[in-house]
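Trainee: The structure is given below, and queries will be raised subsequently.
The values are calculated or read from the model by the stated rules, or taken from the named source; none is laboratory data. Computed from a predicted model, the values in this text were never measured in an experiment. Because the Cβ atoms are built from the backbone with ideal geometry, glycine has one as well, and the counts that use them run over all protein chains shown. Remember, those area values only see protein heavy atoms, side chains included, never the ligands or the DNA or RNA. Shrake-Rupley method; radii C 1.70, N 1.55, O 1.52, S 1.80 Å.
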Amino acid sequence: MAGRHRRGGTVRRTIDWDGGAVMIIDQCALPASFETLRLTTVDELIGAIRRLAVRGAPALGAAGALGTALSAFRHPGDAEAVRADARRLADARPTAVNLSWGVRRALTRLAEGPEAVLAEAKALMDEDERVNREASRRAAELLLDRCPSRPLRLLTHCNAGRLATVGWGTALGVVWHLHEAGRLEYVFADETRPLLQGARLTAWELAEAGVPYRLLPDSAAASAMARGLVDCVVVGADRIAANGDVANKIGTYGLALAAARHGLPFVVVAPMSTVDKELPDGGGIVIEERDAGEVTCVAGQRVAPPGATAYNPAFDVTPAELITAVVTEHGIFPPA
Ligand SMILES: CSC[C@H]1O[C@H](OP(=O)(O)O)[C@H](O)[C@@H]1O
């Protein structure tokens, strides 16, 4: 049975192992309430993934690995039962490659027993903050090199902060680096319909960090660029194909088109674990389609007439030619 805890202050990691259970910050409760959930079964974790209580590609990688460990402790010696749980975990959301990557990585230690599976999951989590710090540092350096030599006005989409990772963040990791260097004027944060990860989560993270920001309707981003209010666009990623095409939150492709039209750097920041080298280009990326109710209702309040239908893809694909650079902990991807 999942346990819910209201906590003041901050919990260091977005997701972690908690003595035989998986602890997550409940991102559905933010920003109204800071709560953690203690998930004791694979089904509880799958439910949390599907309702985006835990979300973001790197955080999903950790969820996949920790969920596999949860199953390994529940089914000691029964590899088939663990593998069946692992398949259900990996299928919980199809687009972010990190979820299945985390599951596969944890399964490499299955034959050694549940403690070894957990050790692999913990190693994955320990790596996550390090690689995201490095990727975002490299991306910040690239922007300081390409952008005007004054504090920058950075536009971002959805939430690619510490809440989307085990710690630190990817696109918001760039914000932390620029802010610390005194080279950030403000962040324009897209609200990011329909689930409002920008308005709810990115705004919460920026406020917590004392970073100046303004929310904007997704539909205002292109005109903000046209009016000269934006110096660069920085986003995260959920799956990157071998040629550099990028799947990210719905609306990213439109931002890339507008940035290209206005000659602005459009930078994607992600760990190498988000790169799917098996995929030659973005044409093969499965795009998660979510429930129409997320569009016809806002925060649970119906806004469209009863019976309204909706088109609700959770992601889109931005072709590499519209991307100034995909930056990972190893540098620009794909390498020249
Ligand atoms: C650092 S990955 C963040 C990435 O994940 C988000 O999707 P979701 O909120 O549906 O998990 C969005 O695409 C972000 O850019």
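Trainee: For Ser71, Ser149, Ser273, give the ranking by accessible area with the largest first, probe 1.4 Å. Don't skip to the answer; put the middle values down first.
Mentor: Working: Ser71 0, Ser149 110, Ser273 25 Å².
If we order Ser71, Ser149, Ser273 from most to least accessible, we get Ser149, Ser273, Ser71.
Trainee: Given the rule -39500 (n - 2.57) for each run of at least 4 DSSP H residues, summed and divided by the residues of the chain, what is its mean residue ellipticity at 222 nm, to the nearest 500 deg cm²/dmol? All intermediate terms of the calculation are to be shown ahead of the outcome.
Mentor: On the way: 10 runs with 120 residues, N = 336.
Only helices count here, giving -11000 deg cm²/dmol.
Trainee: Ordering Arg138, Arg290 by accessible area with a probe of 1.4 Å, largest first, what comes out? Kindly include the intermediate steps, with their values, before the conclusion.
Mentor: On the way: Arg138 85, Arg290 45 Å².
Ranked from most to least accessible, the order is Arg138, Arg290.
Trainee: Find how much the distance from Glu115 to Asp18 grows on full extension, using 0.36 nm per residue of separation minus their present alpha carbon separation; answer in nm with one decimal.
Mentor: Full extension of this stretch gives 33.6 nm more.
Trainee: Now a separate question. Please identify the trypsin sites (Lys or Arg not before Pro) of segment 1-71 that satisfy two criteria: DSSP loop assignment and at most 15 other Cβ atoms within 10 Å. Which are they? Could you put the intermediate results ahead of the total?
Mentor: Values: sites: Arg4, Arg6, Arg7, Arg12, Arg13, Arg38, Arg50, Arg51, Arg55; in loops: Arg7, Arg12, Arg13, Arg51, Arg55.
Listed in order of number, the matching sites are Arg7, Arg12, Arg51.
Trainee: Using only the heavy atoms of the protein chains and a 1.4 Å probe, how would Lys277, Lys249 rank by accessible area, largest first?
Mentor: Working: Lys277 135, Lys249 20 Å².
Greatest to least solvent exposure: Lys277, Lys249.
Trainee: Could I ask something else about it? Considering only protein heavy atoms and a probe of 1.4 Å, how much of the accessible area of segment 253-336 is carbon and sulfur, as a whole percent? Mind showing how you got there, number by number?
Mentor: Details: 2400 of 4260 Å².
That fraction is 56 percent.
Trainee: Just check segment 138-333 against the gyration tensor rule for me: Cα atoms, a ≥ b ≥ c as the square roots of the eigenvalues, rounded for a/c under 1.5, and otherwise prolate or oblate depending on whether a/b exceeds b/c. Could the numbers behind the result be given before it?
Mentor: Numbers: a/c = 1.63, a/b = 1.22, b/c = 1.34.
Cα axes put segment 138-333 in the oblate bin.
Trainee: Further question on the same structure: Ignoring ligands and nucleic acids, what accessible area does Leu70 show with a 1.4 Å probe (Å², nearest 10)?
Mentor: Near enough 10 Å² of accessible area.
Trainee: Same structure again: Considering just Cα atoms, how many Å³ per residue does the convex hull of the chain enclose?
Mentor: Details: hull volume 45.1 nm³, N = 336.
It is 134 Å³ per residue.
Trainee: Take the alpha-carbon centre of segment 211-227, take the same for segment 137-191, and report the distance between them in whole Å.
Mentor: Cα centres, segment 211-227 to segment 137-191: 15 Å.
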